[in-house]
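Participant: I have a structure here, written as structure tokens, and I will follow up with some questions on it.
The values are calculated or read from the model by the stated rules, or taken from the named source; none is laboratory data. Since this is a predicted model, take the numbers as computed values, not measurements. Here Cβ is always computed from backbone atoms with ideal geometry, including for glycine, and neighbour counts include all displayed protein chains. The protein model used for the area step is the full one, side chains on, heavy atoms only, and it has no ligands, DNA or RNA in it. Shrake-Rupley method; radii C 1.70, N 1.55, O 1.52, S 1.80 Å.
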Amino acid sequence: MPVLNSLFERMTIEELSNNHLKDDALQAYIQLLMVESMRVAHFPKPDSVSDEYHYIHQFFHLLEKETSGINYTSPIKMKTAKEFAANLSVHPNHLNAVLKKYTGQNVSTHIRNRLLEETKALLVQTDWTLQDIAYSIGFAEQPNFSFFFKKNTGITPAEFRRSYQATA
């Protein structure tokens with residue numbers, strides 16, 4: 001960048017001079033460097049949000065909305081990447097790519113982790129049956145729910161509940 005190089009050259013000359021205003025001049029050059037750097041950087045407007053961040057925000061908002069009020073009279077309605085993407089009017093592959101790019105995890109991983117968090121809370125904070133908890137997080141069959149939980153945590157939901165009760 002010729003403009004930036006020129007400013008650095010002028011700063012070097014100013015630094016080597018014995019001018020009593022050299023500190024003031026250097027401060028002015030630094031300000032000019034910042035202005036010129038911002039011109040060439042092409043930063044987006046501070047209050048603008050890229051479409052990718054918009055999708056990320058909307059996904060997490062929707063995921064939280066979907067999972068925060070879970071109970072057996074109001075079970076989760078969406079639990080797949082395809083369902084979330086459809087609700088956000090975006091292709092599932094695009095939503096996956098954006099989340100992977102910025103969070104390191106795909107849609108399904110975020111959904112699974114959030115469901116596991118909610119399941120653990122229900123196991124320790126309620127006396128619901130495993131069938132009721134399974135139904136509330138979107139499993140029609142309790143054995144499928146137990147398999148999901150054990151696969152992701154290493155213990156069954158009943159073991160998790162017992163281990164928490166033993167430490168409480």
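Participant: Within the range 67-101, which residues are open to solvent by 30 Å² or more (accessible area, probe 1.4 Å) and in a helix (DSSP H, G or I)?
Facilitator: Ser68, Lys82, Glu83, Ala86, Asn87, Pro92, Asn93, His94, Asn96, Ala97, Lys100, Lys101
Participant: Continuing with this model, one more query. Can you spot a residue in the range 36-54 that is in a helix (DSSP H, G or I), closer than 30 Å to Ala121 by Cβ and either open to solvent by 70 Å² or more (accessible area, probe 1.4 Å) or acidic (Asp, Glu) (or both)?
Facilitator: yes
Participant: Let me ask you something else. Would you say Val40 is modelled with pLDDT of 85 or more and of a type in the set (A, V, I, L, M)? Outline the logic, then answer.
Facilitator: Details: modelled with pLDDT of 85 or more: no; of a type in the set (A, V, I, L, M): yes.
So Val40 does not fit the description; no.
Participant: Could you give every pair whose Cβ atoms fall below 9 Å, whose first residue belongs to the range 128-154 and is closer than 9 Å to Pro75 by Cα and assigned to a loop (DSSP other than H, G, I, E, B), and whose second residue is open to solvent by less than 50 Å² (accessible area, probe 1.4 Å) and of a type outside the set (A, V, I, L, M, F, W, C), counting only separations of at least 6 or pairs across chains?
Facilitator: The qualifying pairs are Ile137/Thr67; Ile137/Pro75; Ile137/Glu118; Ile137/Thr119; Gly138/Pro75.
Participant: Related question: Which condition from (1) touching a strand residue (DSSP E or B) at 6+ places or on another chain (Cβ under 7 Å); (2) loosely packed, with under 13 Cβ neighbours inside 10 Å; (3) not hydrophobic (A, V, I, L, M, F, W, C) is the one that Ser136 breaks?
Facilitator: Single failed check for Ser136: (2).
Yes or no, residue by residue, for (1) among the polar types (S, T, N, Q); (2) modelled with pLDDT of 95 or more:
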residue: Tyr102; (1), (2): no, no
residue: His110; (1), (2): no, yes
residue: Ala121; (1), (2): no, no
residue: Thr126; (1), (2): yes, no
residue: Ala140; (1), (2): no, no
residue: Ser146; (1), (2): yes, yes
residue: Lys150; (1), (2): no, yes
residue: Pro157; (1), (2): no, yes
residue: Ser163; (1), (2): yes, no
